[in-house]
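Okay, here's the structure, questions in a sec.
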Amino acid sequence: MKLPDAGTPQVLDCRGQRCPLPVIALAKRLPDVAVGTVLRVLADDPAADNDIRAWCRMRGHEFVGTPAPHTYDIRRTH
Amino acid sequence: MSSSAYFDAAAATPLHPAARQAMAAALDDGWADPGKLYSQARRARQLLDAARGAVAEVLGVREDEVSFTGNGTTAAHAAVRGGMAGRRHAGDVLVHSAIEHSAVLHAGARHTPVSVPVDRSGRLDPDAWHAAVRAPQVALAALISASHEVGTRQPVGEAAAACAQAGVPLYVDAAQSLGRALVPAGWSVLSGSARKWGGPPGVGVLVVRKGTAWQSPYPTAADGERGNEGSPGLPAVVAAAAALRAAAAEADREAARLSPLVERIRATVAATVPDVEVVGDPVDRLPHLVTFSCLYVDGEALLHALDRRGFAVSSGSSCTSATLRPSHVLEAMGVLSHGNVRVSLHRETTAEQVDQFLAELPDVVAQLRAEVGVAGP
């Protein structure tokens, strides 16, 4: 089994899911990644951008950015 | 639980008893065409003039500055379209806050809209507003008196001063404030909706101050009606005016009664529902409206679950809108848009209804979260 590169974040594909499903999936998945690492969420619901940012603020995790459309990087901070 | 806990006054308020009484009288005595010259017509004309006079008095304007439209949306459309047409020579830019009602945004989309941001509490950024209205080509500026979705009052006086300095007329959408809270002076055009102050549905009000460069988007009638696509029925106008006068007379008392209920909702929801965000300014807000968002909850499912328990509320969540887009107001504030609930109270709302809602809400939210396998933090 090949481990992902340090620079390649794990990916959670939520494309096609309506909000709040991407945020629910993110909340369930983030505890599985190590503190300090980035989880990449793919989501194309129109509310995803707003709600993923709001979730990070409410839960105290770091919203790293949107490197591409429908692509959101979140760093687990605790 | 009875189905009487209606908490969507911001959309439509139950008819005020004064409106019902006035409408019955106007149906008896105001059915004739007020433009004619016989005695039945004169009675109708007197009723219409009295209605206009009552609205003018409540709003502190001249009678000939007030006109009635088919509803609040048409009044908002006429305000924007007439304001843009009257200042065509200046340019085609409409400056507006990011949290205007969609009726204002839709009318503005025909022009060159410039959106001014709000902060996380939903309050206009005054510096950005000042810069935007001073830019070239601005024909009109539009600011909602207080947010219809989160209740935050807007700095209308400050915005009006900036507009006056720039020589740009200000249009205020006062739909959520009329009959409930005072609107600061300084605006040139104002609109409202009777069903939000306890009047009947199907009556909007448009006020254009004297000297405003406003040009009716409709063929001008000889009877002085402005911005009018056809007058609403006289009995409805008379009822709307009676309701506004009654609501304005009760406004302080109702604000003093409802404000603590809103405060109770804000505090109790935050304390009893985990992972909830109560949004809007906690202090400088409308007295009757409160909004919160519950993490991991589908807004439409939440509305249906509350409806089954007899509570009628509204939501700005995307899954509750035809477009599947989240509320532009919640987006502009950068707050959670899913699981969103707006509770808006009125003169028939009781403390018992609010307490019942607060007692049942935590279970409703917990059940919905359990269904999707998220039990909390």
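Indicate the gyration tensor shape class of segment B:249-331 (rounded, prolate or oblate), computed on the Cα atoms with a ≥ b ≥ c the square roots of the eigenvalues: a/c under 1.5 is rounded; otherwise a/b larger than b/c is prolate and the rest oblate. Before the final figure, lay out the partial values.
On the way: a/c = 1.71, a/b = 1.62, b/c = 1.06.
Cα axes put segment B:249-331 in the prolate bin.
Quick check on the protein assembly as shown: of the DSSP beta bridges with both residues there, what percent are antiparallel, nearest 5%? Could the numbers behind the result be given before it?
Numbers: 31 of 54 bridges.
In the protein assembly as shown, approximately 55 percent of DSSP beta bridges are antiparallel ones.
With the solvent-accessible surface defined on protein heavy atoms using a 1.4 Å probe, which residues belonging to segment B:331-373 display a reduction of at least 40 Å² in accessible area in the multichain context relative to the isolated chain?
B:Leu336, B:His338, B:Val372
Placing +1 on the Cβ of each Lys and Arg and -1 on the Cβ of each Asp and Glu in chain B, which of B:Phe7, B:Leu59, B:Val269 has its Cα farthest towards the positive end of the resulting dipole?
Working it through, the farthest residue towards the positive pole turns out to be B:Leu59.
Which of the aspartates and glutamates could be linked to B:Lys210 by a straight reach, that is with a Cα gap under 15 Å, when you skip same-chain ones fewer than 8 residues away?
B:Glu63, B:Asp64, B:Glu65, B:Glu225
Determine how large the accessible area of B:Ser231 is when every protein chain is in place; take a 1.4 Å probe and give Å² rounded to the nearest 10.
In the full protein context, B:Ser231 sits at about 70 Å².
If you don't mind, there's one more thing I want to ask. With a point put 7 Å past each Cα toward its Cβ, work out how far B:Arg62 is from A:Arg57 in nm, to one decimal.
So the label points at B:Arg62 and A:Arg57 sit 4.6 nm apart.
If you don't mind, another one. With a/c under 1.5 counting as rounded, go ahead and sort segment A:10-75 into rounded, prolate or oblate using the C-alpha gyration tensor (a ≥ b ≥ c being the square roots of the eigenvalues; past the cut-off, prolate if a/b is larger than b/c, else oblate).
Working: a/c = 1.40, a/b = 1.37, b/c = 1.02.
Judged from the Cα gyration tensor, segment A:10-75 comes out rounded (a/c under 1.5).
Antiparallel DSSP bridges in segment A:10-75: what percent, to the nearest 5? All intermediate terms of the calculation are to be shown ahead of the outcome.
Working: 9 of 13 bridges.
In segment A:10-75, DSSP labels about 70 percent of beta bridges as antiparallel.
As a test question: what accessible area, to the nearest 10 Å², does B:Val183 have when a 1.4 Å probe is rolled over all protein chains in place?
Approximately 40 Å² of B:Val183 is accessible to the 1.4 Å probe.
Provide the gained length on full extension for the span B:Glu158 to B:Gln367, in nm with one decimal, where the gain is 0.36 nm per separating residue minus the Cα-Cα distance. Can you show the working numbers first?
Details: separation 209, 0.36 × 209 = 75.24 nm, distance 4.54 nm.
This chain segment gains 70.7 nm when fully extended.
Nearest 20 debye, what's the magnitude of the dipole of the protein assembly as shown about its Cα centre given +1 on Lys and Arg Cβ and -1 on Asp and Glu Cβ? Please report the intermediate quantities before stating the final value.
Working: 44 positive and 47 negative charges, 94 e Å.
Rounded to the nearest 20 debye, it is 460 debye.
Around A:Pro31, under 12 Å between beta carbons, what's the net of Lys plus Arg minus Asp minus Glu among the other residues? Intermediate results must be reported in sequence, preceding the final value.
Numbers: positive: A:Lys28, A:Arg29, A:Arg59, A:Arg76; negative: A:Asp32.
Within the 12 Å Cβ shell, the charges total +3.
Given the DSSP H assignment, sum -39500 (n - 2.57) over each helix run of at least 4 residues in chain B and divide by its residue total; what's the result at 222 nm in deg cm²/dmol, nearest 500? Each step should come with its number before you reach the end.
Details: 10 runs with 152 residues, N = 377.
Computed ellipticity for chain B at 222 nm equals -13000 deg cm²/dmol.
Over chain A, what is the relative contact order in percent, taking alpha-carbon pairs closer than 8 angstrom and at least six residues apart?
Numbers: 121 pairs, mean separation 24.9, N = 78.
Answer for chain A is 32 percent.
Given +1 on the Cβ of Lys and Arg, -1 on the Cβ of Asp and Glu, and no further charges, what dipole in debye does chain B carry about its Cα centre, rounded to the nearest 20? Present the calculation step by step, with values, prior to reporting the outcome.
Numbers: 33 positive and 38 negative charges, 189 e Å.
Using Cβ point charges on Lys, Arg, Asp and Glu, chain B gives about 900 debye.
I want to check the label-to-label distance for B:Ala24 and B:Thr112. Put each point 7 Å from Cα in the C-beta direction and report it in nm to one decimal.
Here the answer is 5.6 nm between the modelled labels.
Mind checking the mean number of beta-carbon atoms from other chains within 10 Å of the Cβ atoms in A:55-63? Walk me through the numbers on the way to the answer.
Values: counts 5, 0, 5, 8, 3, 0, 0, 0, 0.
Mean shielding by partner chains, rounded to a whole number: 2.
So, taking all protein chains as they sit and a 1.4 Å probe, how much accessible area belongs to B:Arg347, in Å² rounded to tens?
Approximately 90 Å² for this residue.
Antiparallel as a % of all DSSP beta bridges within segment B:17-246, to the nearest 5? Mind showing how you got there, number by number?
Values: 11 of 27 bridges.
Around 40 percent antiparallel, to the nearest 5.
So which chymotrypsin sites (Phe, Trp or Tyr not before Pro) in segment B:280-351 are both in a DSSP loop and have at most 16 other Cβ atoms within 10 Å of their Cβ?
Details: sites: B:Phe292, B:Tyr296, B:Phe311; in loops: B:Tyr296.
Sites meeting the loop and neighbour criteria: none at all.
If you take the beta carbon distance between B:Glu348 and B:Ala85 as r and set R0 to 41 Å, what does 1/(1 + (r/R0)^6) give as a FRET efficiency, to the nearest 0.05? Don't jump to the answer; show the numbers that get you there.
Working: r = 41 Å, r/R0 = 1.00.
E between B:Glu348 and B:Ala85, to the nearest 0.05, is 0.50.
The values are calculated or read from the model by the stated rules, or taken from the named source; none is laboratory data. Note that the coordinates shown come from a computational prediction; the quantities given were computed from them, not determined experimentally. In this analysis, Cβ positions are derived from the backbone assuming ideal geometry, glycine residues included, and neighbour counts consider all displayed protein chains. Surface accessibility is based on the protein's heavy atoms, side chains included, excluding ligands, DNA and RNA. Shrake-Rupley method; radii C 1.70, N 1.55, O 1.52, S 1.80 Å.
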